[in-house]
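Heads up: the structure comes next, in structure tokens.
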Amino acid sequence: MTEFVWDGLRHKASTLDRARHWRLSRLAVAVLAGWLVVDVGLRFLPVERLGVSAIMAAQRFTGRHSPFRANLSIVVPAGSPGENAVRANLPPTELRPPLRFSTDSLGYRRNPEMPRGAVPDVLFIGGDSFIYGANLSDEETLPAAFTRASGLLAYNGGRSHLTPMMLSDLDWLLGHLPGAPTKAVLVHLEQHRRRPKDRLGQRSDLEQDLRYVRWIVRGWWDASPLSNATRRLFRRLSNDKLLTNVYEQQVVAYHLPDGHSMLFRDSETYPARIPQTPRQILATSEYIEAWTRELSARGIETHVLLLPTRFTLYGPWLVQEEEERAEVLRAVQDFYRLDAELNQRGIRTINGLDIFRRTAVEDLGSRELPFYREDNHWSPVGVNRIARVLADSLRR
Amino acid sequence: MLFNSAVFLFAFLPITYLVFWTLRGKNSRWVWLTITGYVFYGYWNPKFCLLMLFSTVVSYLAGRGFLRWKGRRERRALLVVPIVADLALLAWFKYADFAIESWNWVGGLIGRPPLAPLDILLPIGISFYTFHTITYIVDAYRGTIQPTRNFWEFSCYVSLFSQLVAGPIVRFRELQEDLEGIDRADRGRYLDVGWSFFIIGMAQKVLVADTIASIIDPPLADVASLSTASAWLCMLGYTYQLYFDFAGYSNMAVGLGFMFGMHIPQNFNSPYKALNPSDFWRRWHISLSRVLRDYLYIPLGGSKGSGWLTYRNLMITMLLGGLWHGAAWTFVVWGAYHGILLSLYRRFGHVWDRLPKMLQQAGMFVLVIIGWVFFRALTFQDATTLLGTMFALQPGLLPVGSAALMVMLLLAGAIAHLAPNPFELKHQWKPAAAVALAGLLLLSLVRIYGAVNSPFLYFQF
């Protein structure tokens, strides 16, 4: 019989009676190995059919300079909820129609309004998910709407915030397009603050290699159907009946006049919570200016679109507390300060806050908001509105 | 890196284990465990590896000094200088902002302008590895241990990943024999016992502590809105959460130790079965209690002096023990509270001991819960509000998820009060029990992958 004695410092154990006892170590290793095999194995299947989001699926196995896998076409069935509702584990009240997410041979989101092999007139860069078009179908993305509004062919150079565009990516893209565009729309999101040391991508080959390897590993690891399934399970259980919905605190909800709630995540309230310092505004405008310089050196004229968060846009009408209102209004001022700073530097800007603010009160009362209520992105209504303004601006 | 993370379970542990047992010599195994310790630690913030390296080098050199110099003055210098260096690190990273905050409070009363906080990031586990190095230096000074000449052996001891960031506080003498015989360790001998400890610890942390935390954390974030029943439920939940969180971590550390041929000492001995305050501190965070006893309480005079001197020693030890847990006055009050309990028991223990055992256990448990109020609360105001709600009848609803909470409390209570702890088990599992443990491991994996994982509570200390 085995003996296991604790005498304060030492354990003494003799061998197990194999006939009566199981080797737990083997069983434990088998459980871990089995789990790993299932987890890894599922990642090699078409993960978008196993509950992984289209964006995550598209971000696997990308090319070195591409944000997404090339020549991809994913159809997301009707009924997908907004990201903030998912994040907060709240029952969605705003569901999407079916969406198509497809990419071209370079691994960028396809603009279905632009014929294959055509030379683009305008290149859209920056703006992360707003430009590549999260929660929008190919034909609803800004470059597609812009092409319809202006007649100019627009190339969607939008990338994920995890792989922002570097100069080497831009040069690679320009080198692989059938011809170089003459204009670019650079989109700056309000919540992105730049630091003086932020670079456009003057990196060594080794740095770029490491960045690519890290991205490939991360993109592959993050798209786990097993992880997705277990997360869904816990979200189901965290229904405020069986378990507390601990996810709810990840968003802030404000009521709209029609009784629905608008859900905001941290990144949207960030500009209101943390005021920008003059140094940050300076660094951000220098960063944008550096991009316009680089684009100009490549023969491309840049138009900068400044895009506010939904909270900076609608906050003044949604918040009730005076202190909170003051914070939002300060964010609004910061937004205009950045615009003024860019104009002083001779950079042509299109102020997204101005565009949406004029009709904000009516929009909040209407059923067709330019932004989703339960997602931080804009809806096709907002995209079309911006596209029209951009078309006018670029024509001028 | 957390023990309850995919990167630990599927990358760090298998690689560390396989390479460790492939290597043969002492030096290569010490070097490998040192490297893996730094990877484990640096995964959180690589910069702070330098701090641990500094502390290791200073203490190692002090140990070499003790071997070389025998003079009284030199030995005193070898004792004081590295301890001051270690404590200075701890003071700066852990207590500087606390000192400023306290000064600002006093300054506010006497009209002095406030000082700006330094906002220093607390390096994880600094309290633990600092205690490892300090106990090494003191033991070397006292002649209790023969300091090692081999740097890798010492660095392996300090950076051993299983006990690096949240203890137990293992003294060098407790590991020395295993470290010296690291090349002769028998891989298979303790492997099953190791996995048994590890799985039990994982289940305690991931399935019990984290589930309770997910229910009680939201209501405890707003203590003013709690009813009396909710406050008691939440504090009872926290009492079990803290135990299963920390004991779970310690058991996982013990299990990992076994896998690498090390014997990590017991840190918890069913503390909620304690009959009185002295008994509680012999069962709760045993490694810390021993360090405080051997390196603070006894050097202060222990219980050898008059009654008042003993009370003074008890209070100093517990106050500093409280402060060790966190740089906040709530921890000091928690330490003082236990100091008072220990003193009262010392004075009136003969009366308490005459009570029926069950009453003693229940009474001690309630006293412990009250103490945890100060341990859990972020501010004094929260602590007093919570205590007020617990003892003044405040009507109101039970928190969301209270049905699940009660089930978890019953389960946790049965394990904590009635079941044997892992050190009382034989760890030989018949097929059904082995499959049940494997099932617990599987359930833990489901939770690790699917739920919001919380770090171990003692990481912050």
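Restricting attention to region A:350-370, does a residue exist that is of a type in the set (Val, Ile, Thr) and part of a helix (DSSP H, G or I)?
Yes, there is a match, as at least one residue in region A:350-370 is of a type in the set (Val, Ile, Thr) and part of a helix (DSSP H, G or I).
The rows are residues; the columns are (1) touching a residue at least 40 places away in the same chain (Cβ under 8 Å); (2) assigned to a helix (DSSP H, G or I); (3) more than 30 Å from B:Pro431 (Cα to Cα).
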{"site": "B:Arg173", "(1), (2), (3)": "no, yes, yes"}
{"site": "B:Asp186", "(1), (2), (3)": "yes, no, no"}
{"site": "B:Asp192", "(1), (2), (3)": "yes, yes, no"}
{"site": "B:Phe198", "(1), (2), (3)": "yes, yes, no"}
**Request:** Filter region B:385-429 down to residues that are within 26 Å of B:Met358 (Cα to Cα) and not hydrophobic (A, V, I, L, M, F, W, C) and give me whichever is nearest to the other protein chains (Cβ to nearest Cβ).
**Result:** B:Glu424
**Prompt:** If you take the residues of region A:16-50 that are buried (at least 16 other Cβ atoms within 10 Å of the Cβ) and in a loop (DSSP other than H, G, I, E, B), which of them is modelled with the lowest pLDDT?
**Reply:** A:Leu16
**Fill in**
Result of the Cβ filter at 7 Å on region B:293-308, keeping first residues that are at positive phi and partners that are surrounded by 14 or more Cβ atoms within 10 Å (Cβ to Cβ), at least 6 apart or interchain, is B:Gly301/B:Leu309; B:Gly301/B:Asn313; B:Gly302/B:Asn313
**Message:** Exactly one of these conditions fails for B:Asp139: (1) more than 14 Å from every other protein chain (Cβ to nearest Cβ); (2) touching a residue at least 60 places away in the same chain (Cβ under 8 Å). Give me its number.
**Reply:** (2)
**Message:** So for region A:166-178 (the condition being in contact with a helix residue (DSSP H, G or I) (Cβ under 8 Å, 6 or more places away or on another chain), hydrophobic (A, V, I, L, M, F, W, C) and not in a loop (DSSP other than H, G, I, E, B)), does at least one residue qualify?
**Reply:** yes
**Complete:** Residue pairs qualifying under the 7 Å Cβ cut-off, at least six apart or on distinct chains, with the first in region A:330-348 being closer than 13 Å to A:His188 by Cβ and the second being surrounded by 15 or more Cβ atoms within 10 Å (Cβ to Cβ) and among the charged types (D, E, K, R), are A:Phe335/A:Glu190; A:Ile347/A:Glu289
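If a residue must be in a helix (DSSP H, G or I) and not small (Gly, Ala, Ser), how many such residues does region B:387-427 contain?
In the first step, residues of region B:387-427 are kept if they are in a helix (DSSP H, G or I); the result is B:387-391, B:402-418, B:422-424.
Of the ones still in play, those that are also not small (Gly, Ala, Ser) are B:387, B:389-391, B:405-411, B:415, B:417-418, B:422-424.
Number of matching residues: 17.
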**Message:** Of the residues B:Gly401, B:Gly396, B:Gly413, B:Gly439, only one is touching a Phe, Trp or Tyr at 6+ places or on another chain (Cβ under 9 Å) and of a type in the set (Gly, Ala, Ser); which?
**Reply:** B:Gly413
**Message:** Would you confirm whether or not region B:382-397 contains a residue that is farther than 27 Å from B:Leu87 by Cα, hydroxyl-bearing (Ser, Thr, Tyr) and out of contact with any helix residue (DSSP H, G or I) (no Cβ under 6 Å at 6 or more places or on another chain)?
**Reply:** yes
**Request:** Looking only at region B:125-132, decide whether some residue is out of contact with any Gly (no Cβ under 8 Å at 6 or more places or on another chain), in contact (Cβ under 8 Å) with a residue 12 or more places away in the chain, buried (at least 19 other Cβ atoms within 10 Å of the Cβ) and of a type in the set (Phe, Trp, Tyr).
**Result:** yes
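Take A:Leu206 and decide whether it is closer than 29 Å to B:Leu398 by Cα and without any contact (Cβ under 8 Å) to a residue 12 or more places away in the chain.
No.
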**Prompt:** Considering region A:374-395 alone, what residues qualify as being surrounded by 22 or more Cβ atoms within 10 Å (Cβ to Cβ) and assigned to a loop (DSSP other than H, G, I, E, B)?
**Reply:** A:Glu374, A:Asp375, A:Asn376
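Residue by residue, here is whether (1) more than 25 Å from the chain's Cα centre (by Cα); (2) farther than 30 Å from A:Ser227 by Cβ; (3) acidic (Asp, Glu); (4) assigned by TED's automatic domain parsing to the domain that holds B:Val254 holds:
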position	(1), (2), (3), (4)
B:Gln361	no, yes, no, yes
B:Gly388	yes, yes, no, yes
B:Pro395	yes, yes, no, yes
B:Gly401	yes, no, no, yes
B:Pro420	no, yes, no, yes
B:Gln428	yes, yes, no, yes
B:Ser444	no, no, no, yes
**Complete:** By residue number, the members of region B:100-126 that are farther than 27 Å from B:Ile137 by Cα and in a helix (DSSP H, G or I) are B:Ile100, B:Glu101, B:Ser102, B:Trp103, B:Asn104, B:Trp105, B:Val106, B:Gly107, B:Gly108, B:Leu109, B:Ile110
**Message:** Condition first: over 30 Å from A:Leu364 (Cα atoms) and surrounded by fewer than 16 Cβ atoms within 10 Å (Cβ to Cβ). Now tell me which residues in region A:238-263 satisfy that.
**Reply:** A:Lys241, A:Leu242
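Check A:Pro67, A:Pro98, A:Pro120 and return the single one that is surrounded by fewer than 19 Cβ atoms within 10 Å (Cβ to Cβ) and at pLDDT 90 or above. Outline the logic, then answer.
On the way: A:Pro67 fails: surrounded by fewer than 19 Cβ atoms within 10 Å (Cβ to Cβ); A:Pro120 fails: surrounded by fewer than 19 Cβ atoms within 10 Å (Cβ to Cβ).
So the residue among A:Pro67, A:Pro98, A:Pro120 that is surrounded by fewer than 19 Cβ atoms within 10 Å (Cβ to Cβ) and at pLDDT 90 or above is A:Pro98.
When region A:219-242 is examined, which residues are found to be more than 7 Å from chain B (Cβ to nearest Cβ), over 24 Å from the mean Cα position of the chain (by Cα) and outside any helix (DSSP H, G or I)? Steps first, answer last, please.
Within region A:219-242, the subset more than 7 Å from chain B (Cβ to nearest Cβ) is A:219-225, A:228-229, A:232, A:235-239, A:241.
Restricting the remaining residues to those that are over 24 Å from the mean Cα position of the chain (by Cα) gives A:236-239, A:241.
Within region A:219-242, A:Ser238, A:Asn239, A:Lys241 qualify.
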**Prompt:** Which one of B:Ile182, B:Ile200, B:Ile169 is within 30 Å of B:Ala383 (Cα to Cα) and either within 12 Å of chain A (Cβ to nearest Cβ) or in contact with a helix residue (DSSP H, G or I) (Cβ under 8 Å, 6 or more places away or on another chain) (or both)?
**Reply:** B:Ile169
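Checking the structure you have, find out if any residue of region A:243-259 is modelled with pLDDT under 90, within 14 Å of chain B (Cβ to nearest Cβ), assigned to a helix (DSSP H, G or I) and within 17 Å of A:Thr309 (Cα to Cα). Lay out the reasoning, then the answer.
Filtering region A:243-259 for residues modelled with pLDDT under 90 gives A:243-250, A:255-259.
Checking the rest, the ones that are also within 14 Å of chain B (Cβ to nearest Cβ) come to A:243-250.
Then keep just the ones that are assigned to a helix (DSSP H, G or I); that gives A:248-250.
From what's left, within 17 Å of A:Thr309 (Cα to Cα): A:250.
The answer is yes; a qualifying residue exists.
The values are calculated or read from the model by the stated rules, or taken from the named source; none is laboratory data. These numbers come from a predicted model, not from an experiment. Ideal geometry is used to build each Cβ from the backbone, glycine not excepted, and the neighbour counts take in all protein chains shown.
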